[in-house]
Amino acid sequence: MALVIMAALSALLFFLFLRCRSVLNRYLKIKKRVAQLAGIDESVEVVSIYDALRRLIKEKNRKIEALTGEIEYMRHVLDNLSEALFIVDGSGKVEYVNNAARSVVDTPEIVGRKFTDVLNNFFIGDLYDEVIETKISQRTEITLFGQKREYYDCEMIPVSYADENRVLLILRNITKEKQLEAIRREFVSDVSHELRTPLTSIHGYAETLLNHDLNDTETVQRFLSIIEKESARMTRLINDLLDVEKLESGDAQFNIEDIELSEVGEYVLRIVGPLARELDVEVKEDFEKGVFIEGDFDRLVQLMLNLADNAIKYTSIKEHGPKEVWLRIYALANYAFIEIEDTGIGIPEESRKRIFERFFRVDKARSRKMGGTGLGLAIVRFIADKLNGKVELESEYGSGTTFRVKFPLKKVIR
């Protein structure tokens, strides 16, 4: 019996020995690996290895935090770009978009979708295929239709990383540039047309005079009168063009001082009085005294004169009813007002939004006949803007028009 017990104990001890040796070998392997990771000799104490491993883990965590911070910084930079950025993978799916890109498309679900489904443009898919095939950057202009039509400069740049192909799609909104270019073309066309008409008249009548009997005094005087009027019209047009250019570019000089507006009104009244009498238009004035603003006297005269001149001329051609124009100056709350009201032909509703555009006329033939350049109201708006003012318009077609310009009030002396 004793021998059986001894044999059992021996077997148990041998099993425990084998188990302990296995555990020890595993421990030594782990210790060796940890020492290698920690960069120290494996013969040192376990506590030293543990401290070194803890420092290693801490350092790795610091690097991960720094890398995460850099990633967030780059994401912040990309989100603040004015250009729309799409990162598209080799299958055409969107992997990343910045904030500007989100504003380009109408749907919030962009990442993971085909970029051709997000950007509704036929040519952009062909451009992507060409970039993937040639590995060469491509650039073109595209039009996107959302709530309104917008134009974009589209650039695609191929990027290869980890044996994967990606494309950076960059969209820069050039809608305003397109609009400015269209305005410039229209402006050049309008100026050419405006100058061509008087030049044609001058050339025609001058040529007729050269081939005409100069002893016919009446005809010669009539032709010379027409040439003089067309020349004066060209002079007004060129002067107005120069004024518009200076006001737009900021080169116009303004002599800012305290201006009493009734003095401006009286000055304008003396100028337009003879024209009103000639055209049988009654001009009434209502000038509040002692209303001061910070402004330029000559520019304020130009502003009010343009409005009064238009009011008188367009009232004079009214066929029925009273022909009256009111010139008013008054203060109300914190503003000073220059107001021109007439009983003229009025402005159609569809024309009111464009009335301050250069060369825009409600009736082009009639405006030219009255000597208008189509720049007067544009000049009025520019002058008002430069003096921190605002132009307001009220009109009823066939009944009359009121232009009201309000400025910050400097003071009222009564």
With all protein chains present and a 1.4 Å probe, how do Met74, Met234 order by accessible area, largest first?
Met74, Met234
Paramagnetic reach from Asn80 in segment 87-125 [backbone N under 15 Å; point 7 Å along Cα→Cβ]
99-100
Applying the gyration tensor rule to the Cα atoms of segment 110-189 (axes a ≥ b ≥ c; rounded if a/c under 1.5, else prolate if a/b exceeds b/c, else oblate), the class is prolate
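How would Lys178, Lys318, Lys135 rank on accessible area, largest to smallest, probe 1.4 Å?
Working: Lys178 65, Lys318 35, Lys135 105 Å².
Ranking Lys178, Lys318, Lys135 by accessible area, largest first, yields Lys135, Lys178, Lys318.
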Computed from the beta carbon distance with a Förster radius of 56 Å, FRET efficiency for Ser225 and Thr107 to the nearest 0.05 stands at 0.25
Could the peptides 225-233, 96-104 be put in order, highest first, of the mean number of other beta-carbon atoms found within 10 Å of their residues?
96-104, 225-233
Filtered hits (aspartates and glutamates, Cα-Cα < 12 Å from Lys353, offset >= 8 within chain) -> Glu392, Glu394
Between Asp280 and Leu242, with labels modelled 7 Å along Cα→Cβ, what's the label distance in nm to one decimal, could you check?
3.8
What FRET efficiency comes out for Asn255 versus Ile183 if R0 is 35 angstrom and r is the Cβ-Cβ distance? Round to the nearest 0.05.
0.70
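Among rounded, prolate and oblate, which fits segment 148-301 when a ≥ b ≥ c are the square roots of the eigenvalues of its C-alpha gyration tensor, a/c under 1.5 means rounded, and a/b larger than b/c means prolate?
On the way: a/c = 4.11, a/b = 1.54, b/c = 2.66.
Oblate shape, in that a/c is at least 1.5 and b/c is the bigger or equal ratio.
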By accessible area (1.4 Å), largest first, His212, His203, His320 order as His320, His203, His212
Per-residue accessible area for Thr208 at 1.4 Å probe radius, Å² rounded to 10?
60
Measure of exposure for Asp342: accessible area at 1.4 Å probe, Å² rounded to 10, is 20
Separation in nanometres of the label points that stand 7 Å from Cα toward Cβ, at Tyr73 and Leu199:
6.0
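Taking 0.36 nm per residue of sequence separation and subtracting the Cα-Cα distance, how much length would be gained by fully extending the chain between Arg55 and Gln147, in nm to one decimal? Please list the in-between numbers first.
Working: separation 92, 0.36 × 92 = 33.12 nm, distance 5.74 nm.
Contour length minus the Cα-Cα distance gives 27.4 nm.
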Once the piece of chain linking Leu393 and Phe123 is laid out straight, how much longer is it, given 0.36 nm per residue of separation minus the C-alpha distance between them?
92.7 nm
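The values are calculated or read from the model by the stated rules, or taken from the named source; none is laboratory data. Only a predicted model underlies this, so the values are computations on that prediction, with no experimental measurement involved. Note: ideal-geometry Cβ built from the backbone for every residue, glycine included; neighbour counts use all protein chains shown. The accessibility values were calculated without ligands, DNA or RNA, using every heavy atom of the protein model including side chains. Shrake-Rupley method; radii C 1.70, N 1.55, O 1.52, S 1.80 Å.
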